[in-house]
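Derivation of every value follows stated rules applied to the coordinates shown; laboratory data play no part. From a predicted model like this one, the values you see are computed outputs, not experimental measurements. Every residue, glycine as well, gets a Cβ built from its backbone with ideal geometry; the counts of neighbours run over all protein chains shown.
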Amino acid sequence: MAEVGVVPWKKHSFVVGPNGHLFKCELGIHDIREAVGVLAEPTITTKMKKRLPVVSTGSKAHAWEAFNPFDRELCSTCQFVPICKSGCPKKVMEGSEQFMSGTCEYWDTNFVQMVHEAYAGSK
């Protein structure tokens with residue numbers, strides 16, 4: 001089964017902005033400071049390899065690469081973290097406690113019903 005989910009969870013997936021800037025999340029595309037890289041001008045070598053060259057912008061790219069939902073104490077012991085992966089990585093990195101508590105509440109409240117509905121639908 002193919003992995004599904006938002007772009008940040010996929011190592012080689014990016015949202016490309018109108019000026020060639022690369023973002024790990026569409027929520028940050030309006031802010032150039034959120035860019036993790038930029039598409040460079042193609043060279044003979046990259047044209048031959050049929051790849052677009054990417055120039056990393058440094059710290060933002062490293063923050064996304066280093067993100068691990070298990071680093072958050074509450075998530076490290078949660079039974080739902082393999083499913084929710086801490087929710088929205090951008091919101092977690094921004095420290096949005098309101099978002100994070102809402103994510104926990106959502107899974108605590110809805111998981112059992114979701115499993116029952118999925119099971120009933122598979123019959």
Gained length - Glu26 relative to Glu73, 0.36 nm times residue gap less alpha-carbon distance: 14.3 nm
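Provide the packing ranking of 107-115, 19-27, i.e. peptides ordered by the mean count of other C-beta atoms within 10 Å per residue, highest first.
19-27, 107-115
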What does the extension gain come out to for Met93 and His12, with contour length at 0.36 nm per residue minus their alpha carbon separation? 27.2 nm
